[in-house]
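What follows draws every value from the coordinates through simple rules; no lab data is involved. Quick caveat, the model's predicted, so the values are computed rather than measured. Note: ideal-geometry Cβ built from the backbone for every residue, glycine included; neighbour counts use all protein chains shown.
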Amino acid sequence: MSSPIVKLVAQRIALGILLLLAVSVLIFAGTQILPGDVAQAILGQSATPESLANLREQLGLNDPAIVRYFRWLGGVLTGDLGTAMSSGQDIATSIKGRLWNTLFLAFWAAIVAVPLAIILGLIAVRYRNGWVDKLISGLALASTSFPEFFIGYVLVFFFAVQHQWFPGISTVYDGMPLGERLQAIALPATALTLVVLAHMMRMTRAAILNVMQSAYVETAELKGLSAFAVIRKHAFPNAIAPIINVVMLNLAYLIVGVVVVEVIFVYPGMGQYLVDHVTKRDVPVVQAVGLIFAAVYISLNIVADIAAIVANPRLRHPK
Amino acid sequence: MLDIKRIPIPALVGIVLTALFVLAAILAPWIAPHGNGEIVGDVWEPMSAQHWLGTDNLGRDLLSRMMYGARITLFIAVLATALSFSLGAILGFSAAVFGGWFDTLLSRLVDLLMSIPTLIMGLVVLSVLPSNLVTLILVMGILDSTRVYRLSRAVAVDINVMDYVEAAKLRGEGEGWIIFREILPNALSPLVSELGLRFIYAVLFLSTLSFLGLGVQPPDADWGGMVKENKDGIVFGIAAALIPAAAIASLAISVNLVADWVLNRTTSLKGGRG
Amino acid sequence: MADKHPKSGMLLDIRNLRIEATVYPPGEPPKNIVLVHDVSLTLEKGKVLGLIGESGAGKSTIGLSSMGYGRGGVRITGGEVILNGRDILKGGKEGFRKLRGREVCYVAQSAAAAFNPAHRLMDQVVEAALLHGTATRAEAERRAVALFKKLSLPNPESIGERFPHQVSGGQLQRVMTAMALCSEPDLIVFDEPTTALDVTTQIDVLAAIKDAIRDTHVAALYITHDLAVVAQVSDEIMVLRHGRLVEWGGTRQIIKEPRQEYTNALVSVHQIEHEEQKPGTTPFLAVKSITAAYGRSHIKVLKNVSVDIYPGQTLAVVGESGSGKSTLARAITGLLPPEQGTVTFDGRPLANRLAERPKEDLRQLQMIYQMADVAMNPRQTVGTIIGRPLEFYFGMRGRERDKRVAELLDKIEMGKGFVDRYPAELSGGQKQRVCIARSLAAKPKLIICDEVTSALDPLVAHGILELLLGLQKEENVAYLFITHDLATVKSIADSIAVMYRGEVVRYGAKSKVLTPPFDAYTDLLLSSVPEMEIGWLEKAIKGRRMASAGN
């Protein structure tokens, strides 16, 4: 029964892998082919021609771009992300702990934001055009206009400085107990939650409204079902796919938020690592971290698409 | 045709605030109490009659710097939006009307660019490009043009299949008439409100880059850069960094209110963010 | 429920019903409008009342009021709705919920949208009966299967296991009727249940509904815009216009002796006097053995189609959805270049592709569309719309052009005052008239009319057809008239081509095509067109059964 689904899902995954490859080309090209010389960038304007030539040689910059690309891709596929130019450390090793930290932060933000957004979205639909709905859309409008650092620093100002409830700088270390760790990330997780909450809620509201305005909901009402039964039996099964879609898209958006939030709270995650090394113009690190971010983003989008495919009754029960 | 009394209050607030910001930016050299880089007092002085917003991390007058910051912020955001808009709209319309390989090629390229979050792609390319205004505007404009491309292509494709466009084609009209007389007038309203949203996005994107230290370089500073300069004061309870941050937020809200109003008057088409 | 109440007596008594809605015109303060003005009606148990009228007559709104339901902000603001002896408007929300799906059920126009795509049909069919506790699941399912059988659905035992998208539109409409009947209500509101169906499917569904109504003794409000359809199923007919009652009477009286002028107009709407013209000696446009497909697909939408068009005459191309009739128009205009075959015009072949045709050829072939709203650029005024072909083909400018635009407006019976109006400011019929003027402006030899009256109310459509016929005489223009409506064909055609699955199955002069002996498909098509005749449905079904038995 599910053969077309399996086929579609397989196609979507294959497409995702292809896209990821293309993205790797783009990231590589973005850092290697664009005007601007990496060696020059590292050594600065005052570098001597000899030292430049030496560094170029050392970095393999004299090989054709395509050779360098495949060398890099081969490394990435075997888990070798190269060596950071600024520190000489192995990138894969440095990333491991940071990736875990970032996922930990994003996970807790999502745990709070997703159910909250869906519940608020439902409330907005239930009291559609009432003051609750207007308040919620107003807040949504406001928060999509707030830069992440505004939210972040307001939180720090009130909850870390004026009332010293939570630390303003999120220091975490290996072997830190979970409770302390959670307290450390309380503010950045809240900031991230606020960053995605409004948007997710607004999209959830739209998704549910779309279903609520369909003819089959009217049919259910005309059968005498109570408002709650209409939502549970008729609206919800059809709204679930669009809601999953909304959630995934917003989790993908968390990725962008994470970069800024980590910098605000000096949190040792991928985002801060990336920004640090962009400033240092450490190209191998930027490539590796950029690729990981892109991979997570693309994967979340694939999950969203797959959810939509699986939830579609037309595909689950073909003619 | 447009009666001021008919404009809803939120939109009116948005228009007034936006106008204030623009005026401050344009008139900064004449109305700012102090120069942009002029050190006039102690570090992080509180608000006072002399320095309405206090002083910053080097003892410069914050109000004056906010005005000059508005100038830089708006200047870059306007240019980046203009670039992203003209690039995206022209290519989007052309793709919709000409179709074929031109459309396929551009659309796949845009899909590819949009499969990476804009900020990440921005950081990747800024790690190798020289830090100057031209680079910044180009990077912001080109990355954001993908969204304008998608919207204008979608709008134009929708219009292109309308019977009135088919009627024009059957009449034998050329591509110029079809694009400028049949499609453009009908695509204008969704695009105008999108313009507002793209501008907000440009302001936020620029601020974020500057906050991360990759945008406008010192001693000049846009609002995002000013947040970065003053952020270390926060832990001492000094709110100087919150002022430029709040300015960004209120500019974005104002433009959003205006864009929302324009959009409600027209259609429900909207581009995304991120 | 039917058993608990006597089989005769008053079921529904609506008194002075007033229904209002708030509309939000852009840029203006919200306005209150009255949709239904003090309408009263009564319906006895087991009887069928037809509600008929054009769009905006308020017929659906009245129908739904019997369930206490108003769509999108519609409010019942006055009157009483007495069902089974009590005023349901006083029952509140709980009262409404108890009667919906139990005493009154609803059958929507588009069953495809009205069924929840996520659930199996059986679950949806028995839902109301289970909800109101009128049957156990097993009983309800047994009842449903019996109803599926009665409604002649294929595989009645297993069709309930299917999902809505796995069942065709005509079948889904019957399943929806079964759903309404399953709770054994006292009243069913049928809201245009056959309007979205093809004509040959419509007759089956109509017959099934009629049988089911008769056998279950349920009362019904049957809402439609098609008088011929409602005449087949109703005991009484109520004619509505702009939310007001026009005439109410027995079916025979309404269709045979209408008392109101408006009713009379509705009854005689299809009667246009048009004498068939004999085909000339040489056609100016000949379509020869055209085969066409969309994209690179192997499914041919047109198979070896040949037709001729004579100067100043009308060729009607008739068929159901998917028959390829619109594709034929696209092939002739060059929008869809045919894979094989040619179109000759004045004895020389026309270029296959639109882009390769000279301006003069384009001028000679004009087109009018089904949806006049989207056939005109909403940002251009009527003057620009009609004036553009004058500029484009004849280089007319300034006063000369304006004068000609005024003449054309005069021809379509619209005044000069419309020159500066935008399409959104016109009514449906006026929009279609402007489209006609735009095509006439090119002074073409042929106008292709693609379902030009299908989206219009019958009386407006009637006016458009008369206009087209009049203009044909004046301008000596030929029409290629594409339609699914045989009544229209009878009114205006000189010759007819019947299309079925991409092929022309019958072609010739109107009198010849409409005279027996028929081929099987034409027979089916002709016998399916509802006639304003009591008892037509039974006759038609009987005729068809014999025909199908004879195959």
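A few notes on this one:
- √(5λ) per eigenvalue of the Cα gyration tensor, the stretch A:93-281, largest first, Å: 37, 17, 15
- In chain B, helices alone account for a calculated mean residue ellipticity at 222 nm of -23000 deg cm²/dmol, with every DSSP H run of four or more residues adding -39,500 (n - 2.57).
- Percent of beta bridges antiparallel (DSSP, the protein assembly as shown, rounded to nearest 5): 55
- Cα-based Kirkwood hydrodynamic radius, chain C, one decimal, Å: 25.7
- Whole-Å semi-axes of the stretch C:10-267's equivalent ellipsoid (Cα gyration tensor): 29, 22, 18
- 30 Å Cα-Cα reach of C:LYS403 towards lysines, excluding residues that sit fewer than 8 places from it in its own chain: B:LYS169, C:LYS359, C:LYS411, C:LYS416, C:LYS431, C:LYS443, C:LYS445, C:LYS473
- Reciprocal mean inverse distance between Cα atoms of the stretch C:30-155 - Kirkwood radius, Å: 17.0
- With the simple spin-label model, which puts each label point 7 Å out from Cα in the Cβ direction, the C:LYS359 to B:SER107 separation comes to 3.3 nm.
- The modelled label-to-label distance between B:LEU23 and C:LYS403, using points 7 Å beyond Cα along the C-beta direction, is 5.6 nm.
- 10 Å beta-carbon shell around C:SER110, net charge (K/R +1, D/E -1): -2
- Listed by chain and number, the lysines whose alpha-carbon sits under 20 Å from that of C:LYS512, ignoring those within fewer than 8 places in the same chain, are C:LYS278, C:LYS490.
- Counting, for every residue in A:137-147, the Cβ atoms of other protein chains within 10 Å of its Cβ and taking the mean gives 6.
- Averaged over A:25-31, number of beta-carbon atoms from partner chains that fall within 10 Å: 4
- Rg and Dmax, both from the Cα atoms of chain A and both in Å, are 23.9, 85.
- Label-to-label distance, nm, for residues given as A:GLN162 and A:GLN58 (7 Å Cα→Cβ offset): 5.1
- Proximal lysines relative to C:LYS150, as straight alpha-carbon distance under 29 Å, when same-chain residues fewer than 8 apart are discounted: A:LYS223, A:LYS233, A:LYS319, C:LYS4, C:LYS7, C:LYS45, C:LYS47, C:LYS59, C:LYS98, C:LYS210, C:LYS539, C:LYS542
- Neighbour-count order for A:ARG12, B:ARG171, fewest beta carbons within 10 angstrom listed first: A:ARG12, B:ARG171
- For the stretch A:270-319, the Kirkwood hydrodynamic radius from C-alpha pairs, put into Stokes-Einstein at 10 °C and a viscosity of 1.306 mPa s, yields a diffusion coefficient of 121 µm² per second.
- Computed from the C-beta positions of C:GLN253 and C:THR77 and an R0 of 25 Å, the FRET efficiency is 0.20 to the nearest 0.05.
- Size of the protein assembly as shown: Rg and Dmax of its alpha carbons, in Å, are 35.1, 108.
- Between 0 and 90°, nearest 10: helix C:458-475 axis offset from chain C longest Cα axis: 10
- Three principal axis lengths of the stretch B:27-156 [C-alpha, angstrom, descending]: 64, 30, 21
- Förster-model FRET efficiency, 22 Å R0, A:THR48 and B:SER131, C-beta, rounded to 0.05: 0.45
- Rounded to the nearest 0.05, the FRET efficiency derived from the C-beta distance between A:LYS7 and A:LYS96 at R0 = 30 Å is 0.25.
- Two-decimal log10 I(q)/I(0) for the stretch A:76-163, as the Debye equation yields it once each C-alpha is a single scatterer, q = 0.19, 0.21, 0.24, 0.25 Å⁻¹: -1.02, -1.09, -1.16, -1.18
- A simple packing score, the average count of other Cβ atoms within 10 Å per residue, orders the peptides C:409-420, C:492-503, A:108-119 as C:492-503, A:108-119, C:409-420, with the highest score first.
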